[in-house]
Amino acid sequence: MEKINKNNKENEVVESKTDKNKSLTTKENIMKKIKIEKITLNCGTGVDQAKLEKAMKLLKIITNHTPVKAFTKKRIPAFGIRPGLSIGCRVTIRGKEATELLKRLLETISNKLKEKQISKGYFAFGIKEYIEIPGMTFQRDLGILGLDVCVTLTRPGFSIIKKKSRKSKLPKRNRITEEETIQFMKENFNTTIEQNDHK
């Protein structure tokens, strides 16, 4: 009887260790989970202030959020650019709203991305004409405008690089690789990834 009890206790110990290992594995998986942090829509207009106003109106129609102006920090006399001059606008979307917006925007490029558009933890693509976006119609007061889309990904633990106090570097093992970015888009948006053109 004593031997049987000892065996039972040993089995319980083994099972408890297995359960702990499983819980650790689950926690590790949670920490590796990737999600969309934000989507940024940009419109570059140069020094044309009339075009800038149209671009700001366009971004507000697309996202229902008020965009902000982008200002220059350098002086480029050849292009008539000086510090503090507004040369474009942008708007940032986060959360579930960002996911739904990305689905719409991906339709404009047939849900296809090229490898050269993808980097470590983010990707970007351009939309030549806003009328290509589902639900958008041509508006005479806007004319023909295009925009750039930049999608930034994140995972648990990224907040340490954004802290104002006790700011830390992100461990290499927790960074999002280019391969993980591609896998995320394939699994969550069924996106086709095209290889770069080699000449």
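Can you confirm whether the range 162-177 contains a residue that is at negative phi and at pLDDT 90 or above? There is at least one residue in the range 162-177 that is at negative phi and at pLDDT 90 or above.
Please verify whether Gly121 is free of Cβ contacts under 8 Å to residues at least 40 places away in the same chain and on the phi > 0 side of the Ramachandran plot, treating the condition exactly as stated. When the stated conditions are applied, Gly121 does not pass them. If you check Phe184 against the conditions, is it aromatic (Phe, Trp, Tyr), buried (at least 17 other Cβ atoms within 10 Å of the Cβ), at pLDDT 90 or above and assigned to a strand (DSSP E or B)? No. Annotation note: of Leu101, Leu52, the sole residue that is farther than 30 Å from Asn188 by Cα, part of a helix (DSSP H, G or I) and touching a strand residue (DSSP E or B) at 6+ places or on another chain (Cβ under 7 Å) is Leu52.
Among the residues here, Lys73 qualifies as among the basic types (Lys, Arg), surrounded by fewer than 16 Cβ atoms within 10 Å (Cβ to Cβ) and modelled with pLDDT of 65 or more.
Taking into account only those residues within the range 32-70 that are closer than 21 Å to Phe138 by Cβ and hydroxyl-bearing (Ser, Thr, Tyr), which is modelled with the highest pLDDT? That would be Thr63. Considering (1) in a loop (DSSP other than H, G, I, E, B); (2) closer than 26 Å to Asn196 by Cβ, the lone condition that Leu106 does not fulfil carries the number (1).
Here is a yes/no grid of residues against (1) at pLDDT 95 or above; (2) surrounded by 14 or more Cβ atoms within 10 Å (Cβ to Cβ); (3) of a type outside the set (D, E, K, R); (4) assigned to a loop (DSSP other than H, G, I, E, B):
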position	(1), (2), (3), (4)
Ile87	no, yes, yes, no
Val91	yes, yes, yes, no
Gly135	no, no, yes, yes
Phe138	no, no, yes, yes
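The values are calculated or read from the model by the stated rules, or taken from the named source; none is laboratory data. In this text, all values refer to a predicted model and were calculated from it rather than measured experimentally. Backbone-built Cβ (ideal geometry, glycine too); neighbour counts: all protein chains shown.
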